[in-house]
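S.K.: The following block contains the structure, expressed as structure tokens.
Every read-out reported here was derived from the displayed coordinates using simple, explicitly stated rules and does not represent laboratory data. Please read these numbers as outputs of a predicted model, since none were measured by experiment. Here Cβ is always computed from backbone atoms with ideal geometry, including for glycine, and neighbour counts include all displayed protein chains.
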Amino acid sequence: MRRKIVAGNWKMNKTLPESLELAENLKKELEGQCLCGVEVVVAPVFTNVYAVAEALKGTGVAVAVQNIHQMKSGAYTGEVSAPIAKSAGATKVILGHSERRQYFGETDALLAEKTDAALAEGLEVIFCIGEVLEERKAGKHFEVVEEQVKNALFHLPAEAWKNIVLAYEPVWAIGTGETATPEQAEEIHAHIRAVVAEKYGKEVDEEVSILYGGSCNPKNAKEIFAKPNVDGGLIGGASLKAADFKAVIDGFKC
């Protein structure tokens, strides 16, 4: 059965005191609330992961890192490995985010290595895929996301997919105020699911959650989450205020 997941990507925002304040505010927002089976995840900047993980202990909120290096250790100044991330309290990692692809040149081949490194350490992977505006306008969006999934993840055995969550990001809708319509989100989520099913069969397909990650906010979350192939969201700006993030989570109603 597919899991419902709402993950907040804090990106390069929030100092340590600000991160702890946000974590405490989120605890207050969630206290005593029925989450309707929704798994909640937050991804602070790495320097704040340990402190946020400690602050959120016992709440059921999981902590992710926003990236890892593909090697376990070594002379890679400024990088963070899967074992280091795990030791800091992270249980998940976001990989393949469009900003990592765009600004840091991350390729599908590199992301395949990072995925292997994360899975080997027992970290769940939230793997991002999505097209830029030019690809959408050219009608290549189905092709683009299909290739990203195949190139980075189709080397994995079927059993590894229990630790893979996909996050579809229409890159043209990230931080722009633009949002894919619920119908556009459903259409491409259904396509992604069909691609996975063709390779791995219905058993894997029916277990993998696919999140929507393009300017999802309190105003549109309910409508987007209502679509049958949308299993939650990877949330950017709306995750930086506890009340807004809780409002997005409330897009799922029992």
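S.K.: Which chymotrypsin sites (Phe, Trp or Tyr not before Pro) does the stretch 115-164 hold that lie in a coil by DSSP with at most 16 other beta carbons within 10 Å?
M.R.: When the chymotrypsin sites (Phe, Trp or Tyr not before Pro) of the stretch 115-164 are filtered for loop state and at most 16 Cβ neighbours within 10 Å, PHE154 remain.
S.K.: Right, another one. Find how many whole Å separate the alpha carbon centroid of the stretch 1-58 from the alpha carbon centroid of the stretch 61-135.
M.R.: Their Cα centres are 18 Å away from one another.
S.K.: Output wanted: per-residue J couplings in Hz (rounded whole) for the stretch 86-98, from phi through Karplus 6.51 cos²θ - 1.76 cosθ + 1.60, θ = phi - 60°, x for Gly and Pro.
M.R.: Rounded to whole hertz, the list is 5, 5, 7, x, 6, 10, 9, 9, 8, 10, x, 4, 4.
S.K.: Using only the alpha carbons of the stretch 26-71, what is the convex hull's orientation-averaged projected area in square nanometres?
M.R.: Result: 4.0 nm².
S.K.: Report, by chain and number, residues whose modeled amide H sits under 5 Å from the one on GLY96, excluding near sequence neighbours (fewer than 5 apart, same chain).
M.R.: For GLY96, whose amide H was placed from the backbone, the distant partners under 5 Å are CYS128.
S.K.: Right, here's the next one. Can you tell me the equivalent ellipsoid semi-axes for the stretch 181-254? Use √(5λ) from the Cα gyration tensor, largest first, whole Å.
M.R.: Ellipsoid semi-axes (Å, largest first): 25, 11, 10.
S.K.: Would you grab the residues whose amide H sits under 5 Å from the one on VAL165? Only those 5+ places off in sequence or on another chain, please, with H modelled 1.01 Å from N.
M.R.: Counting only residues 5 or more places away or on other chains, the set is VAL125, ILE126, PHE127.
S.K.: To continue, here is another question. Specify whether the C-alpha gyration tensor of the chain places it in the rounded, prolate or oblate class, a ≥ b ≥ c being the square roots of the eigenvalues: rounded for a/c under 1.5, otherwise prolate if a/b is larger than b/c and oblate if not.
M.R.: rounded
S.K.: Below 20 Å, Cα to Cα, which lysines can LYS162 reach? Residues fewer than 8 away in the same chain don't count.
M.R.: Here the lysines satisfying the reach criterion relative to LYS162 are LYS4, LYS86, LYS92, LYS114, LYS150, LYS199, LYS202.
S.K.: Can you tell me the relative contact order of the chain? Whole percent, Cα pairs under 8 Å, sequence separation 6 or more.
M.R.: That works out to 22 percent.
S.K.: Got a sec to turn the phi values of the stretch 134-140 into Karplus ³J(HN,Hα) couplings, 6.51 cos²θ - 1.76 cosθ + 1.60 with θ = phi - 60°, whole Hz, x for Gly and Pro?
M.R.: Each residue of the stretch 134-140 in turn: 4, 5, 5, 5, 7, x, 9 Hz.
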